[in-house]
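Below is one structure, written out as structure tokens; comments come after it.
The values are calculated or read from the model by the stated rules, or taken from the named source; none is laboratory data. Since the model is a prediction, treat every value here as computed from it, not as a measurement. Cβ: placed from backbone, ideal geometry, glycine included. Neighbour counts: every protein chain shown. Each accessible area value is taken on the protein alone, full model and side chains, heavy atoms only, with ligands, DNA and RNA left out. Shrake-Rupley method; radii C 1.70, N 1.55, O 1.52, S 1.80 Å.
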Amino acid sequence: MMSIMPQWKRNLIVLWITQVLSLMGFNFVLPFLPYYIQELGVREAESLRMWTGIIASAPALSFAVVSPFWGMAADRLGKKLMILRAMITGGIIMMLYAFCSTVQAVAILRVIQGCFTGTIAASTTMVAAGTPRNKLSYALGFLSSSNYIGTSLGPLVGGVFAESFGFRTTFIVGGVILFIGAIIVIVYVEELNEEGEPEVLQPQYKEATAKGNGAEPFPLRNLLHRSFLTLFILLFILRIARNIANPFIALYIQDIRGTMEGAPSLMGIISAGSGLITALAGVTLVRLGDSRPRERLLKNLFLISALTALPMGFTGSVIGFSVFFLVSSYFMGGIEPIIQSSMSIISPQNRKGIVFGVQTTIGALGWFVAPLLGSYVSIQFGIHEVFLALSIVLFLSWGASEYLFRRFPQSAEEALSQEGKNHIH
């Protein structure tokens, strides 16, 4: 079956599988870090919330700094190599967590993790570069579903595993899962251009960016074009919304139940449900982006996500929280792949790596800000109020999308057509 598929589709399926493994490996135990740092001796409530925020943010800042460089490396050296770099170093770092004896050591490893990992960005760049344009929303939505399935299976299995064998052994198993994914990439993935042909990497990059063989180079100042800036701003706010509360779900569950006993397994079940339903969004809602105006779809998804997230912090029960958390996760799950497909459409083939590298930096900055903001809210007002802050950020996202798309009403496709005359691609 695989042998008669177009190579772009084969790459998509293989990268879907390896992303499931990658995110499963990372999330085998990382969602339980608030419990792990308690095991390392941090138990006072305010310190625990502070370190939870710091550790959640730590990889984001370093990830934001290095992402454009990895993006340029992807354009020069190949996107497959970048996927392998992220998965292999990720496996090594996961294993090193098992040998930490202080919370400071965990924080340092989180910073190093941000410097060298990034499997989602690397895989997304490769799919965006090697998929036919009329299949982009479908392909990126399908790939995004792997991220959420991986983040579901990881905590679901890892929570039970951690309770049975301890956190340290669970870290090592997570690293092994990442290594398995890297082996699959080595064997089955092939570099392609957007016509589905094998990519000629270094010579093509030099030719396209120097003489161009008839094609104009792509100045990096084009990333300041309003079409890019609109998408960058929305992605930044979305990442804050998606990450402001997630690090505190474990503590919220512990707070509602009044004990940590059994909390890892329950946390794993909730994370699994969220991941699966967000994956469902990746293969249902996102497909609408190939046939309907993306701007209108994005605005509607932001608004519905905000409305369904609003009751989460007021339920006072694990079941009530879980219902609204899952519903909101479904609608939020459709937003980022649509932003990414719009980004890919207006990006030239030989510059997709750097464009997605800058996009990753902006997303990582949102990821960096979010847990620190959540930590501040939790310390000043309480854990429940973090989920109210999540809804407020989503309402801000909706307001920003309404303003930006009215201020700059061009769609990504219209911008591409018009700006092509001015050598934007």
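Tabulated data for the structure shown
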item	result
Fluctuation leader among PRO337, PRO59, PRO293 - the chain, Gaussian network, Cα springs under 10 angstrom	PRO293
Volume of the Cα convex hull of region 1-91, divided per residue and given in Å³	116 Å³
Label-point separation, ILE379 to ILE92 (7 Å along Cα→Cβ), nm	3.4 nm
Cα gyration tensor category, rounded, prolate or oblate, for region 336-408 with a/c compared to 1.5	oblate
Space enclosed by the convex hull of the alpha-carbon atoms of region 89-159, per residue, Å³	97 Å³
Surface accessible to a 1.4 Å probe, ILE354 within the full protein complex, Å²	10 Å²
Sequence of LYS80, LYS9 from largest to smallest accessible area, 1.4 Å probe	LYS9, LYS80
Whole-Å semi-axes of the ellipsoid equivalent to region 224-315 (Cα gyration tensor, √5λ, descending)	31, 16, 12
Structure-based [θ]222 nm, the chain - -39500 (n - 2.57) summed over DSSP H runs of at least 4, per residue, nearest 500	-25000 deg cm²/dmol
The chain: angle of helix 383-407 to the longest principal axis, Cα-based, in degrees nearest 10	20 degrees
Distance-filtered residues of region 83-119 - backbone nitrogen under 13 Å, label point 7 angstrom along VAL176 Cα→Cβ	95
Spatially near lysine pairs across the chain, Cα under 24 Å, sequence gap of 8 or more or different chains	18
Cα→Cβ-extended label distance, 7 Å offset, between ILE392 and LEU77, nm	4.3 nm
The chain: relative contact order in percent, alpha carbon pairs under 8 Å with at least 6 residues between	28 percent
Region 108-186 versus region 17-51: alpha-carbon centroid distance in Å	16 Å
Label point distance in nm, GLN104-MET5, each placed 7 Å from Cα along Cα→Cβ	4.9 nm
Column: log10 I(q)/I(0), Debye, Cα scatterers of the chain, q = 0.08, 0.12 Å⁻¹	-0.41, -0.94
